[in-house]
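The values are calculated or read from the model by the stated rules, or taken from the named source; none is laboratory data. Please read all numbers here as calculations on a predicted model, not as lab measurements. As a convention, Cβ positions derive from the backbone with ideal geometry for all residues, glycine included, and neighbour counts pool all protein chains shown. When the accessible area is computed, the model is the full protein with side chains, heavy atoms only, and any ligands, DNA or RNA have been set aside. Shrake-Rupley method; radii C 1.70, N 1.55, O 1.52, S 1.80 Å.
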Amino acid sequence: MEEAWRDARLNTTRRGLIAGAAAGGAGVLLPSTAAAKKRKKHRKVDVAIVGAGFAGLTAARKLAAAGKEVCVLEARDRVGGRTLNHRVQKGVIAELGGEYVGPTQDRVLALAKSVGVGTFKTYNDGDNVLVLNGARSRYPATPGLSPDPDFQEAILTAITKLNPMSEEVPVEAPWKAPKAEEWDKITLGQWRDANITAPGARRLFDIATEALFGAESEELSLLYTLFYTASAGNHSTKGDFTRLISTPGGAQESRFVGGSQKIPIEVAKRLGAQVVLKSPVRSIVQHGGRVVVTSDRMVVEAREVIVAIPPKLVLGIDFHPGLPAPKHKLLKGTPPGNLIKWEALYDKPWWRDGGYSGQAVSEQGPANTTFDNTPPSGGPPGILFGFIGGGQADRAARLTRAARRRAVLGNFVDFFGPEAAKPTESFELDWTDEAWTRGCPVAHPSAGLLRRYGPLLRKPLGRIHWAGTETATYWNGYMDGAVRSGKRAAREVIDEL
């Protein structure tokens with residue numbers, strides 16, 4: 001049964017990825033296609049759900065448990081949204097999307113436990129590597145704070161200044177913060193320049209931004225960043241910028257056994273025929289107390305609908321009545337991040353023998369941050385990955401696949417030594433090329449948008465409800481936030497039925 005939900009084989013060439021994105025992109029913008037014109041199956045249910053990522057499947061699971069009949073329509077030929085397991089050899093996978101989990105992310109941890117998916121600690125022994133101001137240094141992975149003065153300025157300034165400000169931002173309504181108007185006019189880049197003095201420290205701050213958001217500091221508002229910081233907690237634990245960037249005690253503390261995509265795979269297996277793959281939704285029509293959702297494979301008539309896909313993809317659906325102008329502006333002004341995950345496979349995790357954790361932070365791109373992605377057994381094989389985010393991702397995407405490989409392996413050699421130059425295999429995924437995602441890890445509202453249009457993030461539109469990690473209060477942008485949003489949307493629908 002699990003084979004039915006296994007993800008499709010990753011495209012092996014960038015040309016293939018681009019072609020797939022172009023073809024999918026054309027389809028998502030059109031309300032009708034050749035496939036959509038074919039005779040379709042009809043299904044009547046209580047709730048139609050658009051998207052089979054963590055949010056959509058969580059909502060479906062909760063509704064099904066409440067005795068409601070659901071139909072989940074997923075455009076891809078797999079479930080899991082922005083998570084994706086890549087099989088590297090028998091019994092070994094590498095995650096090409098979201099993978100980490102940490103303290104206070106209790107909703108996704110509970111979901112994983114309920115479907116039999118365990119966790120293990122991210123490898124964090126030995127030394128991390130820092131490349132800054134033309135010099136390479138190493139420092140203990142625990143506690144993970146380099147003695148380099150620029151490193152300390154970047155990290156400590158962010159923690160000591162962003163954390164207190166974030167406490168003034170309510171996660172349920174960041175637009176109600178006392179200084180919301182002021183903070184939403186300021187970009188994070190402007191705040192950086194006013195508060196961080198050393199050029200090296202500013203560059204390190206930007207590297208963190210590129211990995212966290214897939215965006216540059218100039219693309220983010222200060223209000224949104226403060227909200228994101230406040231959201232890195234739960235109802236009993238304050239959000240903390242340290243938690244966003246840390247491995248032990250932070251958002252990168254643990255990984256899921258079998259890969260993060262195993263969670264939605266297991267949830268989908270239990271939902272069975274209620275999940276329909278290869279079925280992009282083209283239109284949602286509200287009329288006469290019902291909602292008709294038309295996809296490429298079927299027409300679903302429902303009492304309520306939950307839309308649980310990234311903001312940019314929502315714009316590709318034809319709504320009747322149409323989306324209100326403010327909602328359209330919110331969606332349009334919330335672009336996805338730009339992130340490439342590039343991975344190298346080795347016979348063993350040899351860097352561990354050299355006393356390295358596999359974690360590096362560097363001013364030299366394209367891979368400015370790296371992690372050890374070796375399976376829980378400790379190998380073989382050994383796997384290293386690098387994040388390429390923001391402007392670096394845009395520049396790296398213009399390279400040929402071979403040139404990008406040389407550039408990233410050059411980073412790995414600089415960080416950990418000459419053995420990095422000869423992996424047995426390498427693979428990558430540029431999430432902007434994924435037709436049904438368009439970017440990772442999270443979509444971010446442009447400056448001035450959150451204060452003005454934020455109240456529309458979760459506000460239902462008639463019988464249409466909204467889910468997805470971008471609508472979450474806690475752990476916005478993470479798997480945990482997606483799970484929380486799915487639960488919240490399901491509760492809304494149950495109250496209406």
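Counting Cα-Cα pairs of the chain in 20 Å increments starting at 0 gives whole-percent bin shares of 24, 58, 17, 0. Quotient of the Cα radius of gyration of region 429-497 and 2.2 N^0.38 Å, N being its number of residues: 1.22.
Taking amide H atoms as placed 1.01 Å from N in the peptide plane, the amide H of G379 has no partner under 5 Å among residues 5 or more positions away or on other chains. Summarised as an ellipsoid, region 133-211 has semi-axes of 28, 14, 10 Å, derived from the eigenvalues of the Cα gyration tensor scaled by 5 and square-rooted, with the largest first. The convex hull drawn around the Cα atoms of region 280-351, when projected onto a plane and averaged over every direction, covers 8.4 nm².
With the full set of protein chains in place, find how many percent of the accessible area of the chain is carbon and sulfur; take the probe as 1.4 Å.
53 percent
Could you state the number of Å between the C-alpha centres of region 471-497 and region 223-287? Taking the Cα centre of region 471-497 as reference, the centre of region 223-287 is 10 Å away. Taking a straight line from the alpha carbon of K487, these lysines sit under 18 Å away, with near neighbours fewer than eight places off in the same chain left out: K62, K68, K113, K459.
For region 390-483, the spread of Cα positions along the three principal axes, ordered from largest to smallest, is 58, 25, 24 Å. Taking a point 7 Å from the Cα of K238 along the Cα-to-Cβ direction, none of the residues of region 188-204 has its backbone N closer than 18 Å to it.
Extension gain, E172-K269: 0.36 nm per intervening residue step, less the Cα-Cα distance, totals 31.7 nm.
Between E301 and D394, the simple spin-label model (points 7 angstrom out along Cα→Cβ) gives 4.8 nm.
A 1.4 Å probe run over the chain, with the rest of the protein chains in place, finds 39 Å² accessible per residue.
Computed extension length for D495-A403: 27.7 nm, one decimal, from 0.36 nm per residue of separation with the Cα-Cα distance subtracted.
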